[in-house]
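Chemist: Sharing a structure, written as structure tokens. Questions coming.
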Amino acid sequence: MCGIVGYVGHRQALNLAVDALRRMEYRGYDSAGVAVVGKDADGHNAIHAVKRAGKIANLDDRIAEVGVDKFEGTTAIGHTRWATHGRPTDENAHPHLSYDGKVAVVHNGIIENFASLREELERDGIELVSDTDSEVAPHLLAQAYNEGDTAGDFRASALKVLNRLEGAFTILFTHADHPDEIIAARRSTPLIVGVGDGEMFLGSDVAAFIEHTKHAVELGQDTVVYLAADYYDILNFDGTPAQGNPFTIDWDLEAAEKGGFDSFMMKEIHEQPAAIRDTLAGHWDGERVTLDENNLADTDLKSFDQVFVVACGSAYHSGLLAKYAIEHWVRIPVQIEVASEFRYRDPVLGERTLVLAISQSGETADTLEAVRHAKAQGAKVLAVCNTNGSQIPRESDAVLYTHAGPEIGVASTKAFLAQVVANYIVGLALAQAQGTKYPDEIREIWNALEEIPDKVQQVLDTREDIAAVSRALGAVRTMLFLGRGVGFPVSLEGALKLKELAYIHAEGFAAGELKHGPIALIEDDLPVVIVVPSPRGVKLLHSKIVSNIQEIRARGAKTIVIAEEGDTAVEPYANWLIRIPQTPSIMQPLLATVPLQFLAADIAEECGNEDIDKPRNLAKSVTVE
Ligand code: M6R
């Protein structure tokens, strides 16, 4: 949560930092701000900070009011906020400045001992002007720099302060007396260094600087980086030398931009065939499923006698589908739990338990804590993740990367489908290792998976038909989603998308549960989406859902039926019928989800939400519990 950027080099830093913030805005948009290290009217070094509540557009307006020329300087830090401590106001926006105005700080995460630090500062007569936990940091740094054994030493002062902070954080310090330096640190939350030619960058992720350099260094846990224009130095919190992990970025700028679509989300929906294809790539050697990025030995895969899936939100829904696939293919029990609940009860795990931790960002705090808990109980953790080098894969025993590319829209689309595919790859690898499927059966499933990208494309090509449904529905107030079998997680995902994007009440149900309560919600003209299982699959399931559709129609519901081509039985009961290509039942979610993504985006527009990439109150990476 919160996006952080930094620049030290030879160019005007203001615009560079603000542009970088625009690419970080998906991480939070409660406020934005930058601090440039420059000169004051008398020619002395000084910090020039500007910040505003709301989106970066507000910051742009404020900069224009003040005048760009007031922000001369070649070193800057910036922040886009997702509020934790303190409301989204101008005062609570970052950067925060020290009492003497010489230190500027941006921070992502939570300083858990901020209350005692704040009390201490107040006892020293320092007045804090915000409600944030973050503001303690610049004051502490100014104190450390102005007095005592670290006086005048920026680096030693920063280390002293960092060792006093508890919690998870990424933090950047600048000091007016050190105009060509930034000191930054990370503990749990992410920070990447971009290495340019005579210039250095910092970002919560590489999108902050890919326009300028493809050379990056991933910082390890609990490390500090000292940056000047032409070199960087990595330290441990005790000041001893540490190593980073240099890598070359293989995304290009275009991938992080909209590519002609109105929103990142629309672009990402259309990228789903590629996301699936790229996630499958390299995991079939012609004979066998391979988990090449994975450190789990075949003996491990063979030994597991249960699987636990931990994840949040859409990733959790992808995990529900993992349960259907793995139990069916491997015949071992799969339990699934929202990550935020997992470690607070006492799940029974052991050496023969595989914990599948699914996360697009690899930063979700709830999932990360679940991973730590699982490891402490002796289970093996396999991460399914879309973000290279992020914390969850780093702390897991093994990782299977989804290759969906950067997902900027806060509502997950292509990353969700890529997760489902990755989960199926894990399921097949387990079935192969445990011998619960014959090689020819695995090959058949694999072949069907390889056909999915083209079939998703066929669904994308029906975009206009789906738009017509949303236009006819208009600004609905509530909507229900029903499914059976693998259609049930799809209905949950459809409802989540609609809540996130259109801010209306939406719920997904297992259609069989309807008569146990939810049917009381059905009233005249209530729109209900029904995800119909294939009639070529479990016949009973299909006929039961056809009855469910009739039951709700009889009570006045308007039905939007998602059914595969050739399923004529549903035709009489559909107000609108959305067709998807035929595919094996277990793969149907990869197709049925797509119209629901469009539906949510279109209804959001009908309801007046103009910025579907950044729904209110949400952030892309949820790095607080
Ligand atoms: O980065 P993660 O996959 O761990 O994120 C998990 C959820 O926060 C995420 O899927 C969220 O529910 C999305 N906004 C759903 O569209």
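Chemist: Just name the residue that is least open to solvent (accessible area, probe 1.4 Å) out of those in segment 85-119 that are under 30 Å from Q391 (Cβ atoms) and in a helix (DSSP H, G or I).
Modeler: Once the filter is applied, the top-ranked residue is L117.
Chemist: Taking E513, is it modelled with pLDDT of 95 or more, open to solvent by 10 Å² or more (accessible area, probe 1.4 Å), farther than 26 Å from K620 by Cβ and of a type outside the set (F, W, Y)?
Modeler: Taking the combined requirement at face value, the residue does not satisfy it.
Chemist: Being within 19 Å of H270 (Cα to Cα), open to solvent by 30 Å² or more (accessible area, probe 1.4 Å) and in contact with a helix residue (DSSP H, G or I) (Cβ under 9 Å, 6 or more places away or on another chain) narrows it down to one of E441, E451, so name that one.
Modeler: None of the other options fit; the residue is E451.
Chemist: Hey, can you tell me all the residues within segment 326-369 that are small (G, A, S), farther than 18 Å from K302 by Cβ and open to solvent by less than 30 Å² (accessible area, probe 1.4 Å)?
Modeler: A339, A357, S359, S361, G362, A365
Chemist: Can you confirm whether segment 458-473 contains a residue that is touching a Lys or Arg at 6+ places or on another chain (Cβ under 9 Å), open to solvent by less than 10 Å² (accessible area, probe 1.4 Å) and either modelled with pLDDT under 95 or in a helix (DSSP H, G or I) (or both)?
Modeler: Yes: segment 458-473 contains one or more residues that are touching a Lys or Arg at 6+ places or on another chain (Cβ under 9 Å), open to solvent by less than 10 Å² (accessible area, probe 1.4 Å) and either modelled with pLDDT under 95 or in a helix (DSSP H, G or I) (or both).
Chemist: Continuing with the same structure: Cβ-Cβ under 7 Å, sequence separation 6+ or interchain: first residue in segment 601-625 and assigned to a helix (DSSP H, G or I), partner of a type in the set (G, A, S) and within 14 Å of the ligand (Cβ to nearest atom). Which pairs?
Modeler: Going by the 7 Å Cβ cut-off, the qualifying pairs are I603/A502; A604/A502.
Chemist: Is there a residue being open to solvent by 20 Å² or more (accessible area, probe 1.4 Å), away from the ligand (no atom under 16 Å from the Cβ) and under 22 Å from G485 (Cβ atoms) anywhere in segment 586-604?
Modeler: Yes, that holds for at least one residue.
Chemist: Across segment 170-216, which residue is most open to solvent (accessible area, probe 1.4 Å) among those that are among the basic types (K, R) and assigned to a strand (DSSP E or B)?
Modeler: The qualifying residue most open to solvent (accessible area, probe 1.4 Å) is R187.
Chemist: List the residue pairs whose Cβ atoms are under 8 Å apart, where the first residue sits in segment 265-282 and is at pLDDT 90 or above, the second is part of a helix (DSSP H, G or I) and open to solvent by 20 Å² or more (accessible area, probe 1.4 Å), and the two are 6 or more positions apart or on different chains.
Modeler: Matching pairs, first to second residue: P273/D454; P273/Q457; L280/E450.
Chemist: Name the one entry in I77, I63 that is surrounded by fewer than 24 Cβ atoms within 10 Å (Cβ to Cβ) and among the β-branched types (V, I, T).
Modeler: On inspection, the qualifying residue turns out to be I63.
Chemist: Which is more than 19 Å from T170 (Cα to Cα) and in contact (Cβ under 8 Å) with a residue 12 or more places away in the chain, of E112, E127, E65?
Modeler: Only one candidate qualifies: E127.
Chemist: For residues that are of a type outside the set (A, V, I, L, M, F, W, C) and open to solvent by 10 Å² or more (accessible area, probe 1.4 Å), scanning just segment 408-436, find the one that is farthest from the ligand (Cβ to nearest atom).
Modeler: Selected residue: G435.
Chemist: Something else now. Hey, among the residues in segment 361-393 that are small (G, A, S), within 16 Å of the ligand (Cβ to nearest atom) and part of a loop (DSSP other than H, G, I, E, B), which one's farthest from the chain's Cα centre (by Cα)?
Modeler: G389
Chemist: Next up: From the residues in segment 1-31 that are small (G, A, S) and surrounded by 24 or more Cβ atoms within 10 Å (Cβ to Cβ), which one is nearest to A93 (Cα to Cα)?
Modeler: Of everything passing the filter in segment 1-31, S31 is nearest to A93 (Cα to Cα).
Chemist: Same structure, new question: Step by step: first the residues of segment 255-270, then only those that are open to solvent by 50 Å² or more (accessible area, probe 1.4 Å) and among the charged types (D, E, K, R), then the one that is farthest from I603 (Cα to Cα). Which residue is that?
Modeler: Ranking the qualifying residues of segment 255-270, first place goes to E257.
Chemist: Let me ask something else. Pairs, please: C-beta under 9 Å, at least 6 apart or cross-chain, first residue not assigned by TED's automatic domain parsing to the domain that holds P406 and open to solvent by 60 Å² or more (accessible area, probe 1.4 Å) and in segment 239-254, second assigned to a strand (DSSP E or B) and of a type in the set (D, E, K, R)?
Modeler: Note: pairs meeting the criteria are P241/D233; N245/E218; P246/E218; F247/E218.
Chemist: Cβ-Cβ distance below 6 Å, separation of 6 or more or different chains: which pairs start in segment 171-196 with a residue that is at positive phi and in the same structural domain as A216 (by TED's automatic domain parsing) and end on one that is in a strand (DSSP E or B) and not charged (D, E, K, R)?
Modeler: Listed by first residue and then by second, the contacts come to S188/A168.
Chemist: Just the residues that are of a type in the set (D, E, K, R) and either part of a helix (DSSP H, G or I) or open to solvent by less than 20 Å² (accessible area, probe 1.4 Å) (or both), please, taken from segment 523-556.
Modeler: If the condition is that a residue be of a type in the set (D, E, K, R) and either part of a helix (DSSP H, G or I) or open to solvent by less than 20 Å² (accessible area, probe 1.4 Å) (or both), then K539, K544, E551, R553 are the ones that fit.
Chemist: Give all pairs with beta carbons closer than 6 Å in which a residue from segment 516-529 that is assigned by TED's automatic domain parsing to the domain that holds A475 and within 18 Å of A472 (Cβ to Cβ) meets a residue that is of a type outside the set (G, A, S) and not in a strand (DSSP E or B); count only pairs at least 6 apart in sequence or on separate chains.
Modeler: P527/L473; P527/V476; V528/I552
Chemist: Collect the residues in segment 491-510 that are within 16 Å of the ligand (Cβ to nearest atom), open to solvent by 30 Å² or more (accessible area, probe 1.4 Å) and touching a strand residue (DSSP E or B) at 6+ places or on another chain (Cβ under 6 Å), keeping them in residue-number order.
Modeler: L492, K499, E507
Chemist: Only one of A322, A311 is of a type in the set (G, A, S), in contact with a Phe, Trp or Tyr (Cβ under 8 Å, 6 or more places away or on another chain), assigned by TED's automatic domain parsing to the domain that holds Q419 and in contact (Cβ under 8 Å) with a residue 12 or more places away in the chain; which?
Modeler: Exactly one of A322, A311 is of a type in the set (G, A, S), in contact with a Phe, Trp or Tyr (Cβ under 8 Å, 6 or more places away or on another chain), assigned by TED's automatic domain parsing to the domain that holds Q419 and in contact (Cβ under 8 Å) with a residue 12 or more places away in the chain, namely A322.
Chemist: Next question, about the same structure. If a residue counts only when it is away from the ligand (no atom under 16 Å from the Cβ), which helices (runs of 4 or more DSSP H) contained entirely in segment 241-360 have at least 1 such residues?
Modeler: Fully inside segment 241-360 and qualifying: 264-270, 272-280, 298-303, 313-330.
The values are calculated or read from the model by the stated rules, or taken from the named source; none is laboratory data. Everything numeric in this text was worked out from a predicted model, so none of it was measured. As a convention, Cβ positions derive from the backbone with ideal geometry for all residues, glycine included, and neighbour counts pool all protein chains shown. These accessible areas exclude ligands, DNA and RNA; they are computed on the full protein's heavy atoms, side chains included. Shrake-Rupley method; radii C 1.70, N 1.55, O 1.52, S 1.80 Å.
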